[in-house]
Amino acid sequence: MWKKIAAGLLVAAAFMSLTACGSASTSMPSQSPENSQAAANNEKVLVVYFSSSGNTKRVAETIADQKNGEIFEINPTQPYTDKDLNYRDDSSRVVQEHAQKDLRPAYEGDVADWNSYDTIYIGYPLWWQQAPPVVYTFVEHHPFQGKKVIPFCTSSSSPLGTSGKNLAQAAGSGDWQEGVRFSGGASKNEVLKWLKQQ
């Protein structure tokens, strides 16, 4: 009889042990604030820019460096010369392009592994208070679903205006943010100050 009782107790103990193990394996640890911060730090950033005089390039490089992001320069297949950029000459390339609203100049190369990026910064100089046509070429050739998109521009005097909103409309998808305009001679500290607000 004592053997039967002992055997019964062993079976009960084994059953309780298995139940406890099963419960432990299905429970999920709560995410600490440190883990949440780590997840945010895993955000993959891409900085895309077109620069005709070097001003936008400097801002783009500061953003990429600060955000540990990759960088892609939009290089038009036909580069712009100083003569092309003469806004006062009605026969110059930029004036002619501005008159052709649907013109989409080609550019060289493309972003590798586009789908892997979470946040996209898009930079450009303001031409007639808008992004240059080649930036539209880039935007219209990429899907922005599920991506946070932050436009930034450089200009000697013009404000950001509707340039970012018009790019968002051309893209047709993505979580486009308000964006920012920097002066042509913006310092690194000005860019870093703005980034801290993001």
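The values are calculated or read from the model by the stated rules, or taken from the named source; none is laboratory data. Note that the structure is predicted; figures quoted are calculated from it, not measured. Cβ placement follows ideal geometry from the backbone for every residue including glycine, while neighbour counts extend to all protein chains displayed. Note: areas computed on protein heavy atoms with side chains; ligands, DNA, RNA excluded. Shrake-Rupley method; radii C 1.70, N 1.55, O 1.52, S 1.80 Å.
Out of S173, S183, S158, S91, one residue alone is hydroxyl-bearing (S, T, Y), closer than 26 Å to N42 by Cβ and out of contact with any Asp or Glu (no Cβ under 6 Å at 6 or more places or on another chain). It is S173.
Taking the condition buried (at least 17 other Cβ atoms within 10 Å of the Cβ), of a type outside the set (D, E, K, R), assigned to a loop (DSSP other than H, G, I, E, B) and at pLDDT below 95, does L160 pass?
Here the answer is yes, as L160 does meet what is asked.
If the condition is being among the aromatic types (F, W, Y) and farther than 14 Å from S51 by Cα, then the range 71-88 contributes only Y87. When the range 41-68 is filtered for residues that are among the small types (G, A, S) and either in contact with a helix residue (DSSP H, G or I) (Cβ under 7 Å, 6 or more places away or on another chain) or surrounded by fewer than 17 Cβ atoms within 10 Å (Cβ to Cβ) (or both), the ones remaining, listed by number, are S51, S53, G54. State whether the residues of the range 96-113 include one that is without any contact (Cβ under 8 Å) to a residue 12 or more places away in the chain, of a type outside the set (K, R), surrounded by 13 or more Cβ atoms within 10 Å (Cβ to Cβ) and closer than 28 Å to S187 by Cβ. Checked against the condition, which is being without any contact (Cβ under 8 Å) to a residue 12 or more places away in the chain, of a type outside the set (K, R), surrounded by 13 or more Cβ atoms within 10 Å (Cβ to Cβ) and closer than 28 Å to S187 by Cβ, the range 96-113 yields no hits at all. A170 fulfils the conditions (1) in a strand (DSSP E or B); (2) open to solvent by 10 Å² or more (accessible area, probe 1.4 Å); (3) among the aliphatic types (A, V, I, L, M) except for a single criterion, (1).
Screening S116, S91 for residues that are surrounded by fewer than 18 Cβ atoms within 10 Å (Cβ to Cβ) and modelled with pLDDT of 95 or more leaves exactly one candidate, S116.
Return the pairs, sorted by first residue and then second, in which the second residue is part of a strand (DSSP E or B) and of a type in the set (K, R), the first residue lies in the range 137-153 and is touching a residue at least 60 places away in the same chain (Cβ under 8 Å) and more than 10 Å from G174 (Cα to Cα), the beta carbons are less than 6 Å apart, and the residues are 6+ apart or on different chains. So the pair list comes out as C153/R181.
When the residues of the range 147-157 are filtered to those that are in a strand (DSSP E or B) and not hydroxyl-bearing (S, T, Y), which remaining residue is most open to solvent (accessible area, probe 1.4 Å)?
K148
Candidates are the residues of the range 127-146 that are under 18 Å from Q100 (Cβ atoms) and touching a Ser or Thr at 6+ places or on another chain (Cβ under 7 Å); the one that is surrounded by the fewest Cβ atoms within 10 Å (Cβ to Cβ) is Q129. Among the residues that make up the range 128-139, is at least one of them of a type in the set (G, A, S) and either modelled with pLDDT of 95 or more or within 15 Å of the chain's Cα centre (by Cα) (or both)? Checked against the condition, which is being of a type in the set (G, A, S) and either modelled with pLDDT of 95 or more or within 15 Å of the chain's Cα centre (by Cα) (or both), the range 128-139 yields at least one hit.
Applying the selection to the range 173-190, what residues are touching a residue at least 24 places away in the same chain (Cβ under 8 Å) and either among the hydrophobic types (A, V, I, L, M, F, W, C) or assigned to a loop (DSSP other than H, G, I, E, B) (or both)?
To start, the set of residues in the range 173-190 that are touching a residue at least 24 places away in the same chain (Cβ under 8 Å) comprises 173-177, 179-186, 188.
The answer is S173, G174, W176, Q177, G179, V180, F182, G184, G185, A186.
Only one entry of G123, G146 meets the criterion of being small (G, A, S) and at positive phi, and that entry is G146.
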